[in-house]
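Notes to accompany the following structure.
The values are calculated or read from the model by the stated rules, or taken from the named source; none is laboratory data. Not measured: the values here are computed from a predicted model. Counting neighbours? That spans all protein chains shown, and the Cβs are built from the backbone with ideal geometry, glycine included.
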Amino acid sequence: MMKSCITVFLVIFIFISPLCSQTLSTDIKFEERIHNFGTILEKNGKVSHSFIFYNSGKTPVVINEVYSGCGCIGRVLSKAPVKPGGKGMITITFNPDYKSGVFSNEIVVYSNNGKEYNRIWVEGIIKPREHPIEDDYPYNFGDGLYLRLKVMAFGYLKPGEAKQMELHYANSTNKEMTLNFVVEGTNGGLKFTNPGKIGAKARGVINFSYTMPVISNDDLVFSLHPYVNNKKLSETLEVKILNGNKLKQKAKQL
């Protein structure tokens, strides 16, 4: 007698189902519950692995759905029952696109009209590819300069308190550029070092720090003007600092 085989493929959507009304299946036995892909390259695209399971019970088992919170949905291609002693297969396809580093994703397998469940896992390490500058740096300031921020929001700072922020930048051109930022007006509390020369297609980070004046009761908003190759760009980077005294006053009012 031919044993039933069920294949399930994961595609990219998010569906999460609660386990409140389900019980752990004792009839489905997986050969392995965790598969480690090892190191995978984002540039190579999707990877797949098939989990083999057996029906150790006395009645047929039907896989209804497969869910994952990793940005995938399980779709059962065949709902043929797996007879007692029979074998089934669930194929998991993982998409590493725009992911990086270590991952461990739980997949929940629902069976017998969703009344029972099992858990399996895929894990590994993703080596990211280099994305187009426009993908990683969404703000085009012109003349080849791209930034990750349009507004640098330092949040609430108490008088005398200091905070640091990073500004990531990129040169999208095939030529070296010189990049400098000039503060609008007088805001001596903001400290940073201009990067100066940036190589073609190069990326980098500027570390900013701001110290709130000891005597201050106002929020601060001012601009940084970017200069590329000594040319002032029309787009500006806005800096916002909220005075921590106001937060304290709001708390008292509550």
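The residue of the range 16-44 that is nearest to the chain's Cα centre (by Cα), among those that are more than 21 Å from Pro81 (Cα to Cα) and at pLDDT below 90, is Ile16.
I'd like the full set of residues that are touching a Leu at 6+ places or on another chain (Cβ under 9 Å) and either under 16 Å from His168 (Cβ atoms) or not assigned by TED's automatic domain parsing to the domain that holds Glu176 (or both), limited to the range 191-208.
Initially, the range 191-208 is screened for residues touching a Leu at 6+ places or on another chain (Cβ under 9 Å), giving 192, 194-198, 204-208.
Those that are touching a Leu at 6+ places or on another chain (Cβ under 9 Å) and either under 16 Å from His168 (Cβ atoms) or not assigned by TED's automatic domain parsing to the domain that holds Glu176 (or both): Phe192, Asn194, Pro195, Ile198, Gly204, Val205, Ile206, Asn207, Phe208.
Candidates in the range 71-121 are the residues that are hydroxyl-bearing (Ser, Thr, Tyr) and loosely packed, with under 14 Cβ neighbours inside 10 Å; of these, the one that is modelled with the highest pLDDT is Ser104. Of the listed requirements (1) in a strand (DSSP E or B); (2) surrounded by fewer than 18 Cβ atoms within 10 Å (Cβ to Cβ); (3) out of contact with any Leu (no Cβ under 9 Å at 6 or more places or on another chain); (4) at pLDDT below 90, Phe13 misses just one: (1). How many of the residues making up the range 77-124 are farther than 19 Å from Glu65 by Cβ and of a type in the set (Ser, Thr, Tyr)? Count: 3.
Contact annotation: residue pairs with Cβ atoms under 7 Å, 6 or more positions apart or on different chains, pairing a residue in the range 150-161 that is of a type outside the set (A, V, I, L, M, F, W, C) with a partner that is exposed (fewer than 13 other Cβ atoms within 10 Å of the Cβ), are Pro159/Val214; Pro159/Ile215; Gly160/Val214. Within the set Arg203, Arg148, the sole residue that is surrounded by 16 or more Cβ atoms within 10 Å (Cβ to Cβ), of a type in the set (Lys, Arg) and in contact with a strand residue (DSSP E or B) (Cβ under 6 Å, 6 or more places away or on another chain) turns out to be Arg203.
Among the listed residues Tyr139, Tyr156, Tyr146, which satisfies the condition of being in contact with a helix residue (DSSP H, G or I) (Cβ under 7 Å, 6 or more places away or on another chain), in the same structural domain as His168 (by TED's automatic domain parsing) and within 30 Å of Val228 (Cβ to Cβ)? Lay out the reasoning, then the answer.
Numbers: Tyr139 fails: in contact with a helix residue (DSSP H, G or I) (Cβ under 7 Å, 6 or more places away or on another chain); Tyr156 fails: within 30 Å of Val228 (Cβ to Cβ).
None of the others qualify; the one that does is Tyr146.
Restricting attention to the range 133-150, the residues that are among the hydroxyl-bearing types (Ser, Thr, Tyr) and over 16 Å from Leu233 (Cα atoms) add up to 1. Within the range 104-120, does at least one residue satisfy the condition of being assigned to a loop (DSSP other than H, G, I, E, B), touching a Gly at 6+ places or on another chain (Cβ under 9 Å) and over 22 Å from Leu41 (Cβ atoms)? No, every residue in the range 104-120 fails to be assigned to a loop (DSSP other than H, G, I, E, B), touching a Gly at 6+ places or on another chain (Cβ under 9 Å) and over 22 Å from Leu41 (Cβ atoms). Kindly provide the set of residues from the range 175-194 that are at pLDDT 95 or above, in a loop (DSSP other than H, G, I, E, B) and not acidic (Asp, Glu), ordered by number. If the condition is that a residue be at pLDDT 95 or above, in a loop (DSSP other than H, G, I, E, B) and not acidic (Asp, Glu), then Lys175, Phe192, Thr193, Asn194 are the ones that fit.
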